[in-house]
Ligand code: BTN
């Protein structure tokens, strides 16, 4: 049994989002909302298919890391979308979705959400949520993606364990930063709207329209970072992203461009 009301969710969507919705499913429990959508028929051109779960038994993050959720305390939401035209820079889509999600959170009164390249959402330097973007299928020239977002809404066990963790790696939840965090129902509607708008805008204009907003939400800018690229480990200072969405890191040997990698650690502003 889920406390999310699927009919009320449908009824709360704007006309634009309703018109673009191929399907909306809500589950009390599922293995992973991304895995579920990847197995479904892709949405029609420029349309979406959405699934939300209270709890995932096999939630996934980047690099096949486990994504933990608690029934009623987390939001696990995935959107499948089929692009009308082939996006020029698909890898930067996750950055744009981060901008879309942070904008929604700000509009809901969440204090100063920031982004940690390439897919984390931070509050006060701790991880509030993450985005996992995967390609779904490719039939002909059509490209469909599944974008999953996980947000920690109210997870008291995180707070109990916070003192055991280092600052840079700690996780947080909305309830630690707001006296009245948004209801999961309301958060779901706002994220469906915001992420659909982001996907449509990326479809028509690509990554360019998101770059300036990303810079203003960049939670790593000016901080010391340790970045694992697969080939090496870089130590330096994060200095933004370039037009392709690669992370720029000032190292002792000069500026490096990281196309794919993970932030192992980050510190205070240098
Ligand atoms: C990360 O931090 O690496 C990304 C986490 C993404 C988690 C979300 S929850 C909804 C969707 N379903 C999944 O299995 N993962 C994403």
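Each reported figure results from applying straightforward, stated rules to the coordinates on display, with no laboratory input. Source: prediction; values computed, not measured. Every residue, glycine as well, gets a Cβ built from its backbone with ideal geometry; the counts of neighbours run over all protein chains shown.
Expressed as a rounded percentage, what relative contact order does the chain have, with Cα pairs under 8 Å and six or more residues apart?
17 percent
Working from the alpha-carbon coordinates of the range 115-270, get Rg over Rh, Rh being the Kirkwood radius.
In the range 115-270, Rg relative to Rh is 0.99.
Using every alpha carbon pair in the range 1-141, what percent of pairs falls into each 5 Å bin from 0 up to the bin containing the largest distance?
Pair shares across the bins are 2, 9, 16, 21, 24, 19, 8, 2, 0.
Using alpha-carbon positions, what is the distance between the centroids of the range 54-125 and the range 176-234, in Å?
Going from one Cα centre to the other spans 7 Å.
Taking the Cα atoms of the chain, what is the range of coordinates along each of the three principal axes, in descending order and whole Å?
Extents along the principal axes, in whole Å: 55, 47, 30.
Arranged from highest to lowest average of other beta-carbon atoms within 10 Å per residue, in what order do the peptides 254-261, 238-245, 120-127 appear?
120-127, 238-245, 254-261
For the range 31-96, what is Rg from Cα atoms divided by 2.2 N^0.38 Å, rounded to two decimals?
1.23
So for the range 1-103, averaging the separation of alpha carbon pairs under 8 Å that are six or more residues apart and normalising by length, what relative contact order in percent results?
Relative contact order of the range 1-103: 25 percent.
Could you compute how fast the range 178-251 diffuses translationally, taking Rh as the Kirkwood radius over C-alpha pairs and applying Stokes-Einstein at 20 °C with viscosity 1.002 mPa s? Give it in µm² per second.
143 µm²/s
Using the eigenvalues of the Cα gyration tensor, what equivalent ellipsoid semi-axes result for the range 1-72 when each is taken as the square root of five times the eigenvalue, whole Å, largest first?
Listed largest to smallest, the semi-axes of the range 1-72 are 23, 17, 9 Å.
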